[in-house]
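The values are calculated or read from the model by the stated rules, or taken from the named source; none is laboratory data. Not measured: the values here are computed from a predicted model. Backbone-built Cβ (ideal geometry, glycine too); neighbour counts: all protein chains shown. When the accessible area is computed, the model is the full protein with side chains, heavy atoms only, and any ligands, DNA or RNA have been set aside. Shrake-Rupley method; radii C 1.70, N 1.55, O 1.52, S 1.80 Å.
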Amino acid sequence: MKRRLPLLFAIVGVLNLGAAAPVRMTPVKLTDNVYMLQHPTGSSNATVVFTNDGVLVFDADIRTADQTLEFVRKQTDKKIKYLITSHSAGDHATGAWHFREDKPIWIATKNQVHDLQMQELKEFSERRDSTDPRFASYKGRTLGQPDIGIDGPMTLYLGGTTFVITPEGRGHTTGDLTLYIPQKRLLLMGDLLDTEIHPGQGESGEIFFSNVKGWIQILDNIMARNLPVDTFVPGHGPAHLGRGAKDLEEQKRYFVVMRDEVAKMIAAGKSLEQIQKEFKVPQEFAHYTGAERLRSFYKLYYNQLMETGY
Ligand SMILES: [Zn+2]
């Protein structure tokens with residue numbers, strides 16, 4: 001039997017040629033009854049909160065939310081009662097279909113609802129109807145739509161746990177929200193916080209939304225609340241358990257430093273093309289992954305600096 005193994009591996013290897021590498025989300029315990037499902041290559045994370053009265057899920061990507069459901073089913077026979085999506089990008093707000101049996105109430109910001117029904121629905125439909133094997137997760141599935149669109153803070157109580165949902169305004173997208181869970185000393189940031197990876201441009205169906213000034217302002221607003229939070233949970237990258245607001249400080253500093261570097265190059269007469277070619281990531285952020293995500297950001301810094309001066 002042992003001697004056959006190499007052959008078996010060889011066959012499996014051949015069969016796998018051309019197929020997308022399997023993506024397995026890793027459950028990371030944030031605190032009692034709360035887990036972040038971490039994407040292995042830096043795409044979006046999802047978070048699951050278990051209570052005696054049911055489960056709350058934060059963020060769902062159609063490509064990985066089946067694993068979120070699988071994880072929930074393994075831990076409990078209680079239903080998913082709420083789905084909250086941080087913003088309208090496909091990697092955070094397309095996975096509700098997987099939870100349809102549980103009929104969770106889906107809560108988003110009002111702007112998010114709008115963006116989902118406009119460009120994101122268009123992209124979702126195109127991918128669903130495509131024969132491209134990369135979009136196999138979309139086949140026969142629907143995007144659905146949030147049940148509640150909020151434009152002010154909202155507090156939920158589920159199984160003795162308090163959840164404070166706050167629309168944070170325009171930063172990563174037009175409608176980012178955060179979720180504060182005081183008893184768990186956690187604040188779920190969506191893509192307003194990415195760790196150890198260059199932040200992505202807020203995108204929904206190839207429409208780009210990010211606003212650096214707004215993003216910095218939101219980080220300032222959250223830090224000014226001085227919340228008793230042990231861990232700010234990122235939309236992409238690993239959760240730094242117990243690091244607290246240092247992650248927010250680093251994210252803010254990142255935008256200030258990167259923007260100022262671009263500003264210096266503009267002052268030196270560089271064009272956008274030259275900046276894209278010559279920009280050197282400052283040493284303190286050189287270990288960040290996802291360098292390809294920077295490309296659209298140069299344009300964003302450049303345009304926002306040229307148009308508005310900040
Ligand atoms: Zn994302």
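If r is the Cβ-Cβ distance from MET118 to VAL23 and R0 is 30 Å, what FRET efficiency results, to the nearest 0.05?
FRET efficiency, MET118 to VAL23: 0.60.
Compute and list, largest first, the equivalent-ellipsoid semi-axes of the chain from the alpha carbon gyration tensor, each √(5λ) rounded to a whole angstrom.
Largest first, the chain gives 31, 27, 20 Å.
For the chain, what relative contact order do you get, as a whole percent, if you take Cα pairs closer than 8 Å and at least 6 residues apart?
Relative contact order, the chain: 14 percent.
Ignoring ligands, DNA and RNA, please state the percent of accessible area on the chain from carbon and sulfur, probe 1.4 Å. Mind showing how you got there, number by number?
Details: 7970 of 15110 Å².
Its accessible area is 53 percent carbon and sulfur atoms.
Just the number, please: percent antiparallel of the DSSP beta bridges in the chain, rounded to the nearest 5.
In the chain, approximately 65 percent of DSSP beta bridges are antiparallel ones.
What residue among ASN111, ASN226, ASN211 has the largest mean-square fluctuation in a Gaussian network model of the chain, using Cα springs under 10 Å?
Highest fluctuation among the options: ASN226.
Mind checking the per residue accessible area of the chain for me, 1.4 Å probe, whole number of Å²?
Working: 15110 Å² over 310 residues.
On a per-residue basis, the chain sits at 49 Å².
For region 138-159, list residues with backbone N below 17 Å from a point placed 7 Å from the Cα of LYS78 toward its Cβ?
156-159
Starting from the amide H of SER86, placed 1.01 Å from N in the peptide plane, find each other amide H under 5 Å away whose residue is 5 or more places distant or on another chain.
The list, which skips near neighbours in sequence, is ASP59.
If I model a spin label at THR131 and ALA268 as a point 7 Å from the Cα along the Cα→Cβ vector, what separation in nanometres do I get?
Rounded to a tenth, the inter-label distance reads 5.0 nm.
Once you order the gyration tensor axes a ≥ b ≥ c over the Cα atoms, which shape class does region 139-189 get: rounded for a/c under 1.5, otherwise prolate or oblate by comparing a/b with b/c?
Because a/c hits 1.5 or more and a/b fails to exceed b/c, region 139-189 counts as oblate.
Springs between alpha-carbon pairs under 10 angstrom, Gaussian network model over the chain: which of ALA245, ALA46, ALA60 fluctuates most?
Judging by the Gaussian network model, the answer is ALA245.
In terms of the Cα gyration tensor, with a ≥ b ≥ c the square roots of its eigenvalues, is region 144-251 rounded because a/c is under 1.5, prolate because a/b exceeds b/c, or oblate?
Verdict is oblate for region 144-251.
Stretch ILE105-GLU196 to full length: gain in nm at 0.36 nm per residue minus the Cα-Cα span?
Extending this stretch completely gives an extra 29.5 nm.
Taking the chain as a Gaussian network, Cα atoms linked when under 10 Å apart, which of MET189, MET36, MET154 shows the biggest mean-square fluctuation?
MET154
Once both labels are modelled 7 Å past Cα along the beta-carbon direction, what's the MET223-LYS246 spacing in nm?
In this crude label model, MET223 to LYS246 measures out at 1.5 nm.
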